[in-house]
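Have a look at the structure below, then the notes.
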Amino acid sequence: MIPLCVPHLAGNEWAYIKDCLDTNWVSATGQYVNRFEKALAEYTGAAHAVAVSSGTTALHISLIVSGIQPGDFVIVPNLTFVATANVVKYMGAHPLLCDIDPDTYLLDLDLLEEFLENETELRDGTAIHRATGRPVRALMPVHVLGNLFDMERMLALCERFHLILIEDTAEALGSFYKGQHAGTFGRMGCLSFNGNKIITTGGGGIILTNNEADARRAKHLTMQAKASTLEYLHDEVGYNYRLVNILAAMGVAQMELLPDFVRRKQEINRFYEQAFAGLEGLRFQRLNEGVSSNCWHVVVRTPRRDELVQHLAQNGVESRPLWIPMNRLPAFTQDWYISRHDHTAAVAGEGIMLPCSTSITDDELQTVCGLVRSFHQQSVPVPAS
Ligand SMILES: Cc1ncc(COP(=O)(O)O)c(C=O)c1O
């Protein structure tokens, strides 16, 4: 089986984890947590990096630190992994789902601007949605598959409508816009180190921020809001959202490999682009101008997606349909959806995620591409024995 996207443990993972075991520093604190945070801050250029237990918990803590209140609207894309919308619900707030651009797969800023202009008004420095009376408090865009927005435009929009910007950067470690790393433009940026991400700690995340007070509060909240190292004194409701030292050790080793991983992901993307050049009806994500993408995941659009997933599976290749739109999941069907053409449905209905582990070989890529090409040209090959 050629897997979809698996971890690539090719460096010092064993050595650093063994060091944790040998020294008994396996839990909440230790030098690897500090080293991992420092490595992330250095690589991304963020002033602070706070290690947490997952991308989801990074987003949750960011919403708390940003002061999101129950009843607020938080704008999120309709095309994303479910965690982006879930965390808004954790707050008792409402996801304000926004349709996407059908080429970049990113939240459509034209559509959003029009909505904010026509359907909200500023009252006491807060954009209020006229129809519901709800404050539109924050924008949580997703840098889908490693693509970034026109960030100058996004920042201007946030300033004009007084929106807090929290970037869901789960998929974009190694992606830059005009030389600036994803997740460092807004108040906070959240990374994921889930097993399918460009680097992994098994499970883990990081909050990036340039604001020292936010970093301190985020750290505090992830450690049960512990106010004393001696007594069991906790000064607010806290969370056990820390990244433990043994997982941070894996993260430090993975960070050493990140530049190679980014290069390989970009190569894999080019490989697919070249192999599928000229195949009518197969479309790739369009990158925005000024973006250097980490090419985290290869997704192509094809009208016969479900048949293709099946065909690949029958021939030993794992693939997956792209996410189901948020507005079609039971938890979000009642939520507000800003859309004119429902591009999300079109992209989600046709998008297929193709194998792109950094450890995939060129021969394996050739196999996948051969299967896709022959399927596309209608001459279905004989299944592999
Ligand atoms: C866009 C997006 N947001 C959030 C997450 C959640 O991250 P985690 O699985 O580490 O909780 C993921 C991926 O898993 C993601 O792709």
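The values are calculated or read from the model by the stated rules, or taken from the named source; none is laboratory data. Note that this is a predicted model, so its numbers are computed, not measured. Here Cβ is always computed from backbone atoms with ideal geometry, including for glycine, and neighbour counts include all displayed protein chains. Ligands, DNA and RNA are stripped out before the accessible areas are found, and what is left, the full protein with its side chains, is counted by its heavy atoms. Shrake-Rupley method; radii C 1.70, N 1.55, O 1.52, S 1.80 Å.
Taking Cα centre as origin and charging only the Cβ of basic (Lys, Arg, +1) and acidic (Asp, Glu, -1) residues, the dipole magnitude of the chain rounds to 480 debye.
Packing-based ranking of 311-318, 17-24, 225-232 yields 311-318, 17-24, 225-232, ordered from highest to lowest mean Cβ neighbour count within 10 Å. 3J(HN,Hα) along the stretch 223-236, derived from phi through the Karplus expression 6.51 cos²θ - 1.76 cosθ + 1.60 where θ = phi - 60°, amounts to 10, 6, 6, 6, 9, 8, 7, 9, 8, 8, 9, 10, 9, 6 Hz, with x in place of Gly and Pro. Heavy-atom surface analysis with a 1.4 Å probe gives the chain a carbon and sulfur content of 50 percent of its accessible area. The packing ranking, built from the mean of other Cβ atoms within 10 Å per residue, places the peptides 138-145, 161-168, 124-131 in the order 138-145, 161-168, 124-131, highest first. Across the stretch 257-376, counting alpha-carbon atoms alone, Rg and Dmax equal 15.7, 47 Å. On a per residue basis, the chain carries 42 Å² of accessible surface, using protein heavy atoms and a 1.4 Å probe. Taking every Cα-Cα distance in the chain and sorting them into 20 Å bins from zero, the calculated P(r) comes out as 28, 56, 16, 0 percent.
Annotation: amide H-H contacts under 5 Å for residue 300 (H modelled 1.01 Å from N, sequence separation of 5 or more, or interchain): 352, 354. Peptides 169-178, 256-265, 347-356 ranked from most to least packed by the mean count of surrounding Cβ atoms within 10 Å: 169-178, 347-356, 256-265.
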